[in-house]
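Asker: Submitted below is the structure of interest, expressed as structure tokens.
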Amino acid sequence: MSTRRLFERETFLAPLLLSPVAVYMVLMVGFPFAMAFVYSFSNVTVGNPDFHMTGFGNFTAVLGDPVFRKSLLNTFIFTFISIGLVLILSNMLSELLTRQFRAKWLIRFLIMMPWTAPIALGTIGYLWFLDSVFSPLDWLLRTWGLLGKPHALLGPMSNMYWLGQPGLAMASVILVHVWRLLPLATMIRIAGMNSIPREIIEAAQVDGAGYYRRLFHIVLPLLLPVISVTVLFSTLFTFTDMTVVWVLTKGGPPDHSTQVLASFAFLKGIQGGDLAQGAAISLFFFPVLAGVAAVVLRIAKKAVVT
């Protein structure tokens with residue numbers, strides 16, 4: 001059989017084209033996951049060459065750690081609030097950007113910039129924006145009379161200490177993460193809205209359907225597969241993200257107020273040198289994310305079928 005005829009066979013060409021993806025998944029995902037699984041049942045540390053299996057001891061120690069439980073709760077709070085804000089704000093932005101107005105391309109470009117810029121670089125910029133002394137946001141609040149006066153709405157202090165108080169620190173972390181995810185969610189939403197036939201919207205308008213009726217009875221049901229993809233990607237990015245938390249607060253202020261599972265796994269496994277417990281913490285991502293992916297994909301499949 002000639003080489004040309006061989007490449008024309010689907011049974012040969014399809015596996016050949018998919019093989020780079022399979023190799024990438026095995027090397028970049030499968031191998032690290034297998035190592036983490038083995039490490040989580042061992043006593044491996046950075047400075048100890050001894051290696052032997054210890055059973056479920058690492059998982060017992062992790063579950064008994066109050067910092068782990070707090071990190072788990074913070075992760076769910078961080079994820080749910082971020083995704084909720086991303087869905088609401090992406091809906092508002094997509095509604096705006098699908099309309100015709102001057103310089104729309106410039107607005108789209110500016111909205112996409114946070115996604116294209118390195119997240120660590122953007123978060124370092126927010127360190128200055130949320131600085132406890134030189135914050136321009138605090139300066140604006142003082143200028144508007146909302147801060148720094150005896151009867152000001154936000155209090156008489158001159159600065160808000162965004163990254164120094166537990167509640168404000170978590171709000172700041174969520175704000176920066178939403179700023180990061182919003183461009184991707186908006187572009188996915190715009191692509192979904194552009195795929196809806198205009199005849200359906202126009203027919204609803206002719207029948208007298210108002211904006212909210214069209215939104216909840218036509219647009220959102222048709223966009224459910226797209227929204228499901230947005231939720232899935234946002235959950236994966238948010239639940240496993242540690243860059244924003246680590247650059248802004250390193251899990252603080254005191255008492256691990258903004259510590260999440262990813263940053264706690266890094267703190268234990270890399271900085272603390274306990275690779276076994278770090279691996280055990282990281283394995284908690286798998287059942288949660290696998291469950292979320294299964295539920296979201298099932299919803300998307302039902303929406304496509306119906």
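The values are calculated or read from the model by the stated rules, or taken from the named source; none is laboratory data. All figures in this text were calculated on a predicted structure; none of them were measured in a lab. All Cβ positions, glycine included, derive from the backbone under ideal geometry; neighbour counts span all protein chains shown. Protein only, heavy atoms only, side chains kept; ligands, DNA and RNA dropped before computing areas. Shrake-Rupley method; radii C 1.70, N 1.55, O 1.52, S 1.80 Å.
Asker: Set the Förster distance to 25 Å, then compute FRET efficiency between Leu121 and Ile270 from the Cβ-Cβ distance, nearest 0.05.
Answerer: 0.70
Asker: Report the full-extension gain for the segment Ser19 to Ala61: residue separation times 0.36 nm, less the Cα-Cα distance, to one decimal in nm.
Answerer: So the extension gain works out to 11.1 nm.
Asker: Towards the positive end of the charge dipole of the chain, with charges on Cβ (+1 Lys, Arg; -1 Asp, Glu), say which of Thr243, Trp144, Leu72 has the farthest Cα.
Answerer: Value computed over the given set: Trp144.
Asker: Further question on the same structure: So, in nm, how far is label Met112 from label Ala203 when the simple model puts each one 7 Å beyond its Cα toward the Cβ?
Answerer: So the two model labels end up 3.3 nm from each other.
Asker: Just name one of Phe284, Ile111, Leu168: the one whose Cα is farthest towards the positive end of the charge dipole of the chain (beta-carbon charges, Lys/Arg +1, Asp/Glu -1).
Answerer: Checked the options; the winner is Ile111.
Asker: Roughly how far apart, in whole Å, are the Cα centres of the stretch 184-255 and the stretch 153-178?
Answerer: For the stretch 184-255 versus the stretch 153-178, the Cα centre distance is 26 Å.
Asker: Run the dipole for the stretch 1-130 about the Cα centre, Lys and Arg Cβ at +1, Asp and Glu Cβ at -1, nothing else charged, and hand back the magnitude in debye, nearest 20.
Answerer: About 620 debye.
Asker: Give the accessible surface of the stretch 168-289 per residue, rounded to a whole number of Å², with probe radius 1.4 Å and ligands, DNA and RNA excluded.
Answerer: 43
Asker: For the stretch 95-178, which whole-number percentage of the solvent-accessible area (1.4 Å probe, protein heavy atoms only) is attributable to carbon and sulfur atoms?
Answerer: Answer for the stretch 95-178 is 72 percent, counting heavy atoms of protein chains only.
Asker: Full extension from Phe216 to Leu87: what is 0.36 nm times the residue separation minus their Cα-Cα distance, to one decimal in nm?
Answerer: 45.0 nm
Asker: Also, quick follow-up: When the dipole is taken about the Cα centre of the chain, and only Lys, Arg (+1) and Asp, Glu (-1) are charged at their Cβ, what size is it in debye, to the nearest 20?
Answerer: It works out to roughly 780 debye.
Asker: Related question: Which cross-chain or sequence-distant (5 or more) residues have an amide H under 5 Å from the amide H of Ser42, H modelled 1.01 Å from N in plane?
Answerer: Under 5 Å from the amide H of Ser42 lie the amide H atoms of Thr54, each far enough along the sequence or on another chain.
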